[in-house]
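Note sheet for the following structure.
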2 protein chains.
Amino acid sequence: MKAEIIAVGSELLLGQIVNTNAKYISKCLAEIGVNVFHQTVVGDNAGRLKESIVIAEKRADLIIFTGGLGPTKDDLTKETIAAHIGKKLVTDLEAMESIEQYFQRTKRVMTENNKKQALVIEDAKVLPNENGMAPGMFLKNGQHFYMLLPGPPHEMEPMFINYGRNAILEILDEHQKIESRVLRFFGIGESQLETEIIDILDRQTNPTIAPLASEGEVTLRITAKHQSSSEAWRLIQQTEEEILRRVGDYFYGYDDTSLMQELITLLNKNNQTIACAESLTAGLFQANIGNFSGVSSILKGGVVCYTNDAKMKLVNVKKETLSQFGAVSKECAAELAENIMSILDSTIGISFTGVAGPDSLEGNPAGTVWIGIAQKNKTTKTYLLELASSRNSNRLRTVKYGCHYLINELTS
Amino acid sequence: MKAEIIAVGSELLLGQIVNTNAKYISKCLAEIGVNVFHQTVVGDNAGRLKESIVIAEKRADLIIFTGGLGPTKDDLTKETIAAHIGKKLVTDLEAMESIEQYFQRTKRVMTENNKKQALVIEDAKVLPNENGMAPGMFLKNGQHFYMLLPGPPHEMEPMFINYGRNAILEILDEHQKIESRVLRFFGIGESQLETEIIDILDRQTNPTIAPLASEGEVTLRITAKHQSSSEAWRLIQQTEEEILRRVGDYFYGYDDTSLMQELITLLNKNNQTIACAESLTAGLFQANIGNFSGVSSILKGGVVCYTNDAKMKLVNVKKETLSQFGAVSKECAAELAENIMSILDSTIGISFTGVAGPDSLEGNPAGTVWIGIAQKNKTTKTYLLELASSRNSNRLRTVKYGCHYLINELTS
């Protein structure tokens with residue numbers, strides 16, 4: 001089965017928003033073995049949308065639309081598709097009820113234009129919208145399947161994963177199984193990684209191996225096809241072992257995990273608690289921990305000590321340390337980590353002090369960062385980073401290196 | 001001039017990355033009056049790429065490609081375009097030199113596959129790559145213009161804004177000027193906003209008005225065309241004034257600004273300093289301040305007091321406050337804000353305490369949040385939020401409401 005994703009919305013063509021929907025749906029489809037060969041974006045214009053549908057029908061079996069289901073005048077996806085395939089729009093009573101309930105729940109006034117959202121294409125299976133008003137649709141016409149999803153990602157994603165994906169699974173030919181796994185690496189560049197495994201990449205047919213780099217990380221997606229799922233997994237396993245024999249030192253996890261996710265799992269497993277003192281990252285490390293629910297048992301908390309004054313007042317860094325070595329120093333990093341651990345009585349203290357950029361500080365170029373890691377009854381470690389990216393990329397990478405070094409400490 | 005953006009890369013179709021390049025280029029093109037009617041994504045496959053070029057040539061004058069210029073085997077954009085339009089690839093000596101210098105500068109070893117990156121299409125204007133190795137290209141063939149840009153955003157964006165954009169400006173017909181401005185609103189929903197200004201939207205022709213909602217914010221983009229730039233701006237100004245007479249209470253800024261940017265500008269202007277105590281946001285408010293350079297004069301720092309223990313130890317919240325009213329209370333929010341202001345001797349203290357979700361806490365449903373704002377010599381204010389979104393959306397919106405209320409305090 002070949003799929004095409006058509007995002008409808010002039011705001012995409014004006015560059016006001018990014019098409020994250022195409023990524024989300026493509027990823028889900030890849031996981032169930034549906035090939036996405038094209039993603040298209042077209043504006044809120046019936047004529048151009050119709051042309052895009054005609055092109056997509058020539059090259060895809062399944063066409064998934066996002067956007068243009070809302071209440072406003074420029075929302076015309078379902079109207080255009082219905083006209084193109086010769087179907088009517090009818091009011092869906094359940095959708096209408098759900099829209100009315102949504103307004104009651106959020107205590108907002110329902111304006112007249114919202115009723116338009118309860119219209120669906122006749123004969124379509126309605127996909128419930130649990131986070132908004134516009135229902136989704138799925139229907140077959142001739143040789144083609146059409147799925148209509150809302151534009152806002154917080155409505156589209158749950159609708160697709162809970163209802164849309166299953167509707168597609170029901171129509172899939174189940175003869176060929178496609179399995180895939182992503183290996184995640186940190187601390188090695190993309191071309192370096194490729195050079196280390198070039199011979200494995202060169203003979204790739206089944207499984208295939210796709211490298212990808214982003215923000216200091218590299219991933220390899222291994223994808224295998226076979227009539228038997230277990231044989232596909234055996235092929236993946238074999239290739240994975242061969243790759244990890246070469247570059248296993250940089251490997252940290254599978255699929256959708258992240259360095260922070262791995263770190264949190266490890267802290268939970270070891271009954272460790274963490275306290276943090278952040279200067280250049282200004283709370284970013286802790287905010288990233290806070291992205292995960294249930295972390296109150298491990299995150300004791302910490303401080304944002306952006307200024308020297310805050311380093312002294314909140315974390316009792318000695319004035320002499322700052323005058324003798326400066327805020328960007330291994331001595332300061334060590335004191336920050338040890339003191340915050342002691343103040344909050346955690347088992348681990350971690351600190352970040354450095355120069356995010358763009359300007360240099362205390363004679364240190366932008367990108368100079370010290371990370372301190374203190375542990376109860378262990379010698380405090382410090383790590384120097386020399387990053388060479390933009391301000392915010394330097395801050396993000398500092399957080400990732402913090403996870404990386406702490407994972408190494410906890411697993412060595 | 002009509003443009004189409006074709007992103008080349010199987011990693012996009014597999015959903016491994018988001019097509020931020022299309023957004024970036026579309027936004028830049030909108031600003032110089034080039035209409036983008038289509039964005040397309042196609043995989044690393046010469047046959048399908050060629051088909052996409054043929055389709056694009058029928059509906060666009062300018063085709064901009066991103067990706068597929070790298071050193072690896074699956075990079076084939078320039079090869080495919082050259083073959084399609086009957087041109088040869090030649091080694092560009094400057095590009096080769098720049099690639100060699102790049103390896104010297106970053107102290108990495110140059111692998112053989114990198115030499116491929118110095119090949120360019122004959123007769124193309126070469127666009128220098130200041131952040132990577134693959135040079136860009138711009139050329140005319142028949143009635144069409146082709147621009148080739150690298151895939152990694154940190155290479156593509158500077159190349160486009162510094163070289164690609166100017167190359168396009170040189171070929172543009174300058175008779176019609178297109179100007180546009182974005183108005184940003186917070187605290188009002190999209191359909192509510194549309195209802196308030198429906199008659200203005202209904203008669204829109206020139207200027208046009210495009211509404212867009214995301215994460216608790218709504219924007220309106222006003223775009224006017226005229227032979228005279230000043231007349232286009234006068235039309236925008238007129239429409240803007242009419243809109244702000246209706247919904248000006250929710251307006252907070254123009255174009256690419258953000259609530260945090262506006263808040264920082266205001267704090268700087270008033271010589272204010274801020275200290276923060278964050279529970280559910282776990283550092284996110286301060287990390288967002290830290291996104292901006294030069295904030296050390298206003299951000300005194302603060303604490304992440306995710307646990308009750310940290311609230312007492314780091315911010316001296318009274319045990320009785322927590323036992324009598326709970327951590328999610330106006331009393332706790334007020335104490336946190338006042339105490340952190342006093343500890344760090346700032347002119348403003350702000351606090352966030354609440355339930356991010358998904359679970360409820362102390363009998364408060366997920367989304368219940370108290371924000372406290374303390375100011376020197378003023379009565380402390382507290383604000384209750386009842387959010388109804390996901391954990392991380394609740395945390396993001398809490399940060400935005402913090403900016404919003406603080407801006408109101410400072411401007412009232």
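The values are calculated or read from the model by the stated rules, or taken from the named source; none is laboratory data. Predicted model only: the values in this text are computed from it and were never measured. Positions of Cβ are generated from backbone atoms using ideal geometry, with glycine treated the same way; all protein chains shown enter the neighbour counts. We work out accessible area using only protein heavy atoms, side chains counted, and drop any ligands, DNA or RNA first. Shrake-Rupley method; radii C 1.70, N 1.55, O 1.52, S 1.80 Å.
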- Message: Can you give me the solvent accessible area of A:Met1 with a 1.4 Å probe, rounded to the nearest 10 Å²?
- Response: 70 Å²
- Item | Net dipole in debye of the protein assembly as shown [+1 Lys, Arg Cβ; -1 Asp, Glu Cβ; about Cα centre; nearest 20] | 780 debye
- Item | Probe 1.4 Å - accessible area at A:Thr368, Å² to nearest ten | 20 Å²
- Note on region A:294-312: residues buried by at least 10 Å² of accessible area once partner chains are added (vs chain on its own, 1.4 Å probe) come out as A:Val295, A:Ser296, A:Leu299, A:Lys300, A:Gly301, A:Gly302, A:Val303, A:Val304, A:Tyr306, A:Thr307, A:Asp309, A:Ala310
- Task: Specify the inter-centroid distance of region B:373-395 and region A:173-213, based on alpha-carbon positions, in whole Å.
- Result: 46 Å
- Task: Determine which chain A residue has its Cβ at minimum distance from the rotation axis mapping A onto B, giving the value in whole Å.
- Result: A:Gly283, 1
- 17 Å Cα-Cα reach of B:Lys330 towards aspartates and glutamates, excluding residues that sit fewer than 8 places from it in its own chain: B:Glu278, B:Glu320, B:Glu338, B:Glu362, B:Glu386
- Here the tail fraction of P(r) beyond 40 Å, over all Cα-Cα pairs of the protein assembly as shown, rounds in percent to 41 percent
- In whole Å, what is the distance between the alpha-carbon centres of region B:36-54 and region B:140-157? 13 Å
- Note on the structure: Using alpha carbon positions and the Kirkwood radius, the Rg to Rh ratio of chain A is 1.06
- Any chance you could check the Cα centroid distance between region B:248-324 and region A:107-132 for me, in angstrom? 38 Å
- Item | Cα long-axis angle, helix A:93-105 against chain A (0 to 90 degrees, to the nearest 10) | 30 degrees
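When only Cα pairs under 8 Å and 6 or more residues apart are kept, what is the percent relative contact order across region B:19-140?
19 percent
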- Message: I'd like the projected area of region A:177-254, averaged over all directions, using the convex hull of its alpha carbons. Report it in nm² with one decimal.
- Response: 4.6 nm²
- Note on the structure: Karplus-derived 3J(HN,Hα) from phi for region B:2-14 (6.51 cos²θ - 1.76 cosθ + 1.60, θ = phi - 60°), whole Hz, x at Gly and Pro, runs 9, 10, 10, 10, 10, 8, 10, x, 4, 5, 6, 6, 7
- Query: Over chain B, what relative contact order in percent results from Cα pairs under 8 Å that are six or more residues apart?
  - Reply: 10 percent
- Task: Can you list the distances in nanometres, one decimal and ascending, from the A:Asp249 label point to the identical position in each other copy, with the point 7 Å along Cα to Cβ?
- Result: 6.4
- Evaluate the distance, in nm, between pseudo-label points positioned 7 Å from the Cα of B:Asp199 and of A:Glu112 along their respective Cα→Cβ axes. 1.3 nm
- Place a +1 charge on the Cβ of each Lys and Arg in chain B and a -1 charge on the Cβ of each Asp and Glu, then give the dipole magnitude about the Cα centre in debye, rounded to the nearest 20. 480 debye
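For region B:177-254, what's the relative contact order in percent, using C-alpha pairs closer than 8 Å and at least 6 residues apart?
Over region B:177-254, the number comes to 45 percent.
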- Links that overshoot a 22 Å alpha carbon limit, given the list A:Lys23/A:Lys140; A:Lys318/A:Lys381; A:Lys50/B:Lys177: A:Lys23/A:Lys140; A:Lys50/B:Lys177
- Query: Top to bottom by accessible area (1.4 Å), largest first, where do A:Glu194, B:Glu320 land?
  - Reply: B:Glu320, A:Glu194
- Query: Which of the listed residues, A:Val54, A:Met260, B:Gln104, is farthest toward the dipole's positive end in the protein assembly as shown, when Lys, Arg count +1 and Asp, Glu count -1 at the beta-carbon?
  - Reply: A:Met260
- Task: Taking only protein heavy atoms into account and a 1.4 Å probe, give the accessible area per residue of the protein assembly as shown in Å².
- Result: 41 Å²
- Among all the lysines, which ones have a C-alpha under 16 Å from A:Lys400's C-alpha, if same-chain residues fewer than 8 places away are not counted? none
- Tell me which aspartates and glutamates have Cα within less than 16 Å of A:Lys116's Cα, excluding those fewer than 8 residues away on the same chain? A:Asp74, A:Asp75, A:Glu79, A:Asp92, A:Glu94, A:Glu97, A:Glu100, B:Glu190, B:Glu194
- Quick one: label points 7 angstrom along Cα→Cβ at B:Lys50, distances to the other copies in nm, smallest first? 3.2
- Query: Helix B:259-269 sits at what angle to the longest principal axis of chain B, using alpha carbons and giving 0 to 90 degrees rounded to 10?
  - Reply: 70 degrees
- Placing +1 at every Lys and Arg Cβ and -1 at every Asp and Glu Cβ, with all other atoms neutral, what dipole size does region B:177-254 have around its Cα centre, in debye to the nearest 20? 360 debye
- How much of B:Trp370 can a 1.4 Å solvent probe reach, expressed as accessible area in Å² and rounded to 10? 50 Å²
- Which percent of the accessible area of chain A is formed by carbon and sulfur heavy atoms (probe 1.4 angstrom)? 47 percent
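Exposed loop trypsin sites (Lys or Arg not before Pro) only (DSSP loop, at most 11 other Cβ atoms within 10 Å): please give the longest stretch of chain A free of them, not including the sites.
In short, A:204-377.
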- Of all DSSP beta bridges in region B:259-411, antiparallel share, percent nearest 5: 60 percent
